[in-house]
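The values are calculated or read from the model by the stated rules, or taken from the named source; none is laboratory data. What you are looking at is a predicted structure, and each value in this text was computed from that prediction instead of being measured. Cβ coordinates were reconstructed from backbone atoms using ideal geometry, including for glycine residues, and neighbour counts include every protein chain displayed.
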Amino acid sequence: MSAALEFERPLAELRRRLELLDKQLAAEPTEEAAHERRQVAAELDQKARELYGQLNRWQKVLVARHLKRPQTLDYIKAICTDFVELHGDRRYGDDKAIVGGPARLDGRVVMVIGHQRGHETKECIERNFGSPHPEGYRKALRLFAQAEKFGMPLITFLDTPGAAPGLEDEQRGQAWALAENIAALCELRIPVISTVIGEGGSGGALALGVANRLLMLEHAVFSVATPDAAAAILWRDSKFAPQAAEALKLTAQDLYDLGIIDRIVPEPPGGAHSDYAAAAAFLRQALLDELALLDGLPPNRLVAERYEKYRRIGTYLAG
């Protein structure tokens with residue numbers, strides 16, 4: 001399904017063998033070919049578990065950015081029904097880098113909103129590679145208000161290198177749009193669950209990510225700046241991005257240990273891009289679990305707990 005990253009090459013040959021065996025079995029099924037396929041599949045699963053169990057932080061960044069990694073619309077299609085995408089900010093236009101609308105999750109109406117980066121070149125350009133303009137965040141703000149008005153839990157998916165940084169974006173109020181979204185999320189009187197599904201970059205991610213429960217997929221990353229940007233600032237050279245990634249401590253495992261996120265959602269062996277259905281199943285169950293935890297909490301408590309959650313981040317004991 002996906003092009004292999006450099007460190008995934010040990011898996012690429014096994015995947016090719018599986019594809020050939022699948023074609024062989026489709027044309028002429030034999031017990032010998034079926035047995036060989038089971039052996040190759042078992043070897044692939046074992047090697048994928050070993051490889052993905054020891055990724056360094058920079059490798060996780062590359063996995064999080066993988067073009068074939070499932071994105072917001074992929075997950076909505078897999079885990080929701082009756083999704084109706086809503087468009088426009090009612091001020092300037094419609095930004096395709098953010099998608100959202102009401103949907104049903106296990107029969108329950110929720111509001112889902114997330115970044116959409118695109119899988120192919122044309123779509124990536126149309127969606128500005130997942131970097132929203134101010135109108136994208138204002139569209140999200142409009143949907144926040146609708147979710148609260150109709151009592152729908154809010155589910156957001158974070159996957160962006162950051163908000164669009166262009167001059168026109170600033171002229172149209174990018175900084176204000178980000179700040180307004182963060183402030184609104186702090187005060188919503190409904191359950192809010194956010195999941196970093198790929199790359200959570202800077203304020204562009206945080207503007208959809210202030211939540212009662214903050215989740216991350218196993219190989220997602222979340223940081224105040226991309227490793228590339230941090231390297232360009234600190235070392236004046238983006239080639240030091242791998243070193244910056246190590247210093248940023250941006251993986252799900254890092255952030256769980258620091259108490260910033262609440263849950264790590266597992267991915268299938270080989271990452272979410274290797275098996276969309278399995279990745280979606282893990283995410284669906286995690287969201288249902290988290291919704292169950294928040295069900296029945298009064299609005300005032302939802303707001304208070306969200307406030308306390310972020311007040312606790314970064315606390316320490318003086319030595």
Could you tell me whether any residue of the range 68-87 is aliphatic (A, V, I, L, M), within 28 Å of the chain's Cα centre (by Cα), surrounded by 14 or more Cβ atoms within 10 Å (Cβ to Cβ) and not assigned by TED's automatic domain parsing to the domain that holds Ala177?
no
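Residues checked against (1) in a loop (DSSP other than H, G, I, E, B); (2) over 21 Å from Leu302 (Cβ atoms); (3) of a type in the set (S, T, N, Q); (4) in contact with a Phe, Trp or Tyr (Cβ under 7 Å, 6 or more places away or on another chain):
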position	(1), (2), (3), (4)
Gly93	yes, yes, no, no
Gly101	no, yes, no, yes
Gln146	no, no, yes, no
Pro165	yes, yes, no, no
Scan (1) part of a loop (DSSP other than H, G, I, E, B); (2) in contact with a helix residue (DSSP H, G or I) (Cβ under 7 Å, 6 or more places away or on another chain); (3) modelled with pLDDT under 95 for the single condition Asp228 breaks and write down its number.
(1)
What residue, of Asp169, Asp106, Asp159, is assigned by TED's automatic domain parsing to the domain that holds Ala292, within 18 Å of Ala211 (Cα to Cα) and not aliphatic (A, V, I, L, M)?
Asp159
When (1) in contact with a Phe, Trp or Tyr (Cβ under 8 Å, 6 or more places away or on another chain); (2) part of a helix (DSSP H, G or I); (3) of a type in the set (Asp, Glu) are applied to Glu267, the one that fails is (2)
Take Thr121 and tell me if it is of a type outside the set (Lys, Arg) and in contact with a strand residue (DSSP E or B) (Cβ under 6 Å, 6 or more places away or on another chain).
no
If the requirement is being among the small types (Gly, Ala, Ser) and surrounded by 15 or more Cβ atoms within 10 Å (Cβ to Cβ), which of these qualifies: Ala272, Ala277, Ala292?
Ala272
If I go through the range 168-191 residue by residue, how many of them are in contact (Cβ under 8 Å) with a residue 40 or more places away in the chain and either over 26 Å from Lys309 (Cβ atoms) or in a helix (DSSP H, G or I) (or both)?
11
Test: residue in the range 298-311 that is without any contact (Cβ under 8 Å) to a residue 24 or more places away in the chain and more than 14 Å from Ala211 (Cα to Cα):
yes
I need the full set of residues from the range 103-118 which are within 21 Å of Ala281 (Cα to Cα) and either out of contact with any Cys (no Cβ under 7 Å at 6 or more places or on another chain) or not in a strand (DSSP E or B) (or both), in order please.
Asp106, Gly107, Arg108, Val109, Val110, Met111, Ile113, Gly114, His115, Gln116
Determine whether the range 289-306 contains at least one residue that is acidic (Asp, Glu), farther than 30 Å from Val109 by Cβ and under 21 Å from the mean Cα position of the chain (by Cα).
no
Return the total of residues in the range 121-131 being assigned to a loop (DSSP other than H, G, I, E, B) and either modelled with pLDDT under 95 or closer than 10 Å to Lys96 by Cβ (or both).
1
Can you name the number of the only condition in (1) surrounded by fewer than 20 Cβ atoms within 10 Å (Cβ to Cβ); (2) out of contact with any Asp or Glu (no Cβ under 9 Å at 6 or more places or on another chain); (3) more than 20 Å from Thr226 (Cα to Cα) that Phe129 fails?
(3)
In contact with a strand residue (DSSP E or B) (Cβ under 8 Å, 6 or more places away or on another chain), under 21 Å from Glu8 (Cβ atoms) and either free of Cβ contacts under 8 Å to residues at least 24 places away in the same chain or not in a helix (DSSP H, G or I) (or both): is that true of Arg69 in this structure?
yes
Please find, among Glu8, Glu19, the residue that is over 26 Å from Asp254 (Cβ atoms) and out of contact with any strand residue (DSSP E or B) (no Cβ under 6 Å at 6 or more places or on another chain).
Glu19
